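Worksheet: one structure, shown below.
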Amino acid sequence: MLTIGEFSRLTHLSIRTLRRYHEAGLLEPAHVDPSSGYRYYDPAQIPGAQVISRLRELDVPLADVRRILLTSDPTVRAHLVGEHLQRLQDQLSRTQAAVASLRRLLRPEPAGVDVELRPAPARRVAAVRGTVTHQEVLSWYAGAMAELDAVIDTPTGPAGGLYDNALFSQGRGDVLVYVPVAAPVPDLGRVHGTELPPAELAVTVHPGTHDTIDVTYGELGRWVADHALAVAGPVRETYLVGPRDTPASEEWRTEIGWPVFRVADTGPRPA
């Protein structure tokens, strides 16, 4: 038998931590002296203590650690650990995106964006439409594009999407992703044929990873506020080069179209 001090040295868990794990029912001593209250551990408990230590290093809550330890089915145990690892990966992705955006925003002299005012004619597309939350957009988009790829063999241009203002302002809104087609397509599953209405757009291109696309949105919005009259309507994205084309994120190019009201230039106005 090992004293709590000896067990602490062997497992690199502090005595205070071992006491807390005992109280939580995670790692009970092999024996507790009834008169002194001293805790004693069996050397066979060392691997279990190390597993607990690794799970806690991954910020697995104590309640979840207990569930994992009490589960005898290795498949269920692997699923529980996998769920937490995915949560950590999602959190890491959000942190990386926030860091990238902040670094871009904190540049001493922001580069700004090149903007073009451009009419977008009506066009025939095959599309999938849905109402999603901001957190669901990426996974929903991947599923929708997989359905479009399964139905449309030869699109006539790059894929795109229309994103309702409510998605950004309220965290939930309508999304329509599409690929342009030459001829009408039959409805199949969620895929349906439709026509995008014509629009006047202020257009810029976001280069690279989507982690900082919010900054490009902000720069385009600022340009529109200074130079044009924004109108109600979904923002349009066109994926000139994206993850479906290359895994190299530095090569991605996403065109953002902000709907505006434009009138013909009639020359200088009188003072």
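The values are calculated or read from the model by the stated rules, or taken from the named source; none is laboratory data. Since this is a predicted model, take the numbers as computed values, not measurements. Positions of Cβ are generated from backbone atoms using ideal geometry, with glycine treated the same way; all protein chains shown enter the neighbour counts. Surface areas here come from the heavy atoms of the whole protein model, side chains and all, with no ligands, DNA or RNA. Shrake-Rupley method; radii C 1.70, N 1.55, O 1.52, S 1.80 Å.
One table, with the values for the structure above:
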| read-out | value |
| --- | --- |
| Residue that is most open to solvent (accessible area, probe 1.4 Å) [pool: residues in the range 228-246 that are in a strand (DSSP E or B) and out of contact with any Leu (no Cβ under 6 Å at 6 or more places or on another chain)] | 229 |
| Qualifying residue in the range 210-227 (condition: of a type in the set (A, V, I, L, M), modelled with pLDDT of 85 or more, surrounded by 11 or more Cβ atoms within 10 Å (Cβ to Cβ) and within 21 Å of residue 123 (Cα to Cα)) | no |
| Members of the range 228-271 found to be in contact with a Gly (Cβ under 9 Å, 6 or more places away or on another chain) and modelled with pLDDT under 85, listed by number | 230 |
| Checking residue 195 against (1) touching a strand residue (DSSP E or B) at 6+ places or on another chain (Cβ under 7 Å); (2) modelled with pLDDT under 85; (3) not aliphatic (A, V, I, L, M), the condition it does not meet | (2) |
| The range 54-113 - residue that is among the polar types (S, T, N, Q) and at pLDDT below 80 and, of those, farthest from the chain's Cα centre (by Cα) | 72 |
| Scope the range 167-183; condition part of a strand (DSSP E or B) and open to solvent by less than 70 Å² (accessible area, probe 1.4 Å); matching residues | 173, 175, 176, 177, 178, 179, 180 |
| Residues of the range 141-166 that turn out to be of a type outside the set (Gly, Ala, Ser), farther than 17 Å from residue 241 by Cβ and open to solvent by less than 40 Å² (accessible area, probe 1.4 Å), as a count | 4 |
| Residue within the range 23-46 that is at pLDDT below 85, at negative phi and either part of a strand (DSSP E or B) or under 23 Å from the mean Cα position of the chain (by Cα) (or both) present | no |
| Residue count, the range 247-257 (criterion: assigned to a loop (DSSP other than H, G, I, E, B) and in contact (Cβ under 8 Å) with a residue 24 or more places away in the chain) | 1 |
| Selection status of residue 204, crowded, with 20+ Cβ neighbours inside 10 Å and in a strand (DSSP E or B) | yes |
| Residue check for residue 20: modelled with pLDDT of 85 or more, more than 30 Å from residue 139 (Cα to Cα), exposed (fewer than 12 other Cβ atoms within 10 Å of the Cβ) and not small (Gly, Ala, Ser) | no |
| Selected residue (only one of 45, 50 is within 13 Å of residue 10 (Cβ to Cβ) and buried (at least 17 other Cβ atoms within 10 Å of the Cβ)) | 45 |
